[in-house]
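The values are calculated or read from the model by the stated rules, or taken from the named source; none is laboratory data. The shown structure was predicted, so the numbers you read here are calculated from the model rather than taken from an experiment. Cβ placement follows ideal geometry from the backbone for every residue including glycine, while neighbour counts extend to all protein chains displayed. Accessible surface is based on the protein model in full, side chains and every heavy atom, while ligands, DNA and RNA are left aside. Shrake-Rupley method; radii C 1.70, N 1.55, O 1.52, S 1.80 Å.
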Amino acid sequence: MAEAFIQVLNQSIAAGWLLVAVLLLRAVLRRAPKWTMVLLWGLVALRLCWPFSWQSAWSLLPSSQTISPDILMDPSPSIHSGIDAFNSIVNPAIRQAFTPNPGDSVNPLQVWTAVLAVVWLAGVGALLGYAGLSYVSLRARLRTAVRLQEGVFQSERVSSPFVLGVFRPRVYLPFGLDASTRDYVLAHERAHIRRRDHWWKPLGFLLVAVYWFHPLLWLGYWLLCRDIELACDESVVRKLEPAQRADYTQALLDCSAGRRLAVACPLAFGELDVRRRIRAALDYRKPALWIVVLALLACALTALCFLTDPQETKVANPWVREYEPGQAGSVGKQR
């Protein structure tokens, strides 16, 4: 379990650099289509899930493995962050606190790693348990839902539309929506299903549950949910006339009340940050081709620089000496 925890720590450190890069790119590529932002978050998920190591000269990661699995048995434990100034500050403190004494029967670093691994697993279990209980509770509230059409249900116990379900997603609507509002709402919710967002959001929450100790990942998950909603809005409004976009934003506003029910469940899609979405829908302009190409190139370069590990430099063994033969008639020497 301790080895698995160290692997998770290394994955989280590598993903942290990618998260910073994605946050910067989101600020630079504000005019790019929102689906490219979702693509960037997909790179973060891939970095967190990817169990293999590909080395590349293009990698911008400072270190491929900050914490060595052998640190638990190292008589002088240290980390290798790839940043010498940081190592010079942290490593003396690590050695002072965790270097085992020859007479001790227990390695202090092994004890602390085991304790932290238990805390980590407890946090993972708590978050997954919350997700399961919230899903069961929401499903129980929807037992009286009435089928409106294929894949669409209405319920008196919901006040905002949302999608629920991973393998058989369904759209749930409150009663009382007029026909025009319902058409716009269904267009948005079906865009979620068409884009397979009912898979990506649960995957995002699963990664947050595993890496719950990483504060940037919580920020990334919140931004992912917002970018997913904005991307779905774009897919709908780009087909609408300006007057219809105004009606669409009014439908968003009408359905925004009581949205916390769906947001509280990690497996459901509810309305999120409606004010920002309304502004984005009203101000939508079809992005120029060069912006789309630039965003895709940025995604490709980000993948190349942060999904690969830096190349390892071979260090000569100081205990090995090579013999260099001399010229004819002379004695050789050690290099």
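Brief remarks on what is shown
- Distance between modelled label sites at D178 and L301, nm, 7 Å Cα→Cβ extension: 4.9 nm
- The Rg/Rh ratio for the chain is 1.13, where Rg is the radius of gyration of the alpha carbons and Rh is the Kirkwood radius.
- Calculated log₁₀ intensity ratio I(q)/I(0) where the Debye formula runs over C-alpha points of region 87-237, q = 0.13, 0.17 Å⁻¹: -0.74, -1.07
- Restricting the chymotrypsin sites (Phe, Trp or Tyr not before Pro) of region 1-85 to loop positions (DSSP other than H, G, I, E, B) with no more than 15 neighbouring Cβ atoms within 10 Å leaves F52, W54, W58.
- For the chain, carbon and sulfur atoms together expose 62% of the accessible surface, with a 1.4 angstrom probe and every protein chain in place.
- Number of Lys pairs (Cα under 27 Å; 8 or more positions apart or on different chains) in the chain: 7
- A DSSP coil position with no more than 16 other Cβ atoms inside 10 Å describes none of the chymotrypsin sites (Phe, Trp or Tyr not before Pro) in region 126-158.
- Take the convex hull of the alpha carbons in region 98-137; its mean projected area over all directions comes to 2.9 nm².
- Think of each Lys and Arg Cβ as +1 and each Asp and Glu Cβ as -1; about the Cα centre, that makes the dipole of the chain roughly 1080 debye.
- When Rg and Dmax are taken over the Cα atoms of region 55-119, they come to 13.9, 46 Å.
- Added length on full extension, which subtracts the Cα-Cα distance from 0.36 nm per residue, R139 to R285: 48.7 nm
- Expected 222 nm ellipticity per residue - DSSP helices of 4 or more, -39500 (n - 2.57), all of the chain, to 500: -19000 deg cm²/dmol
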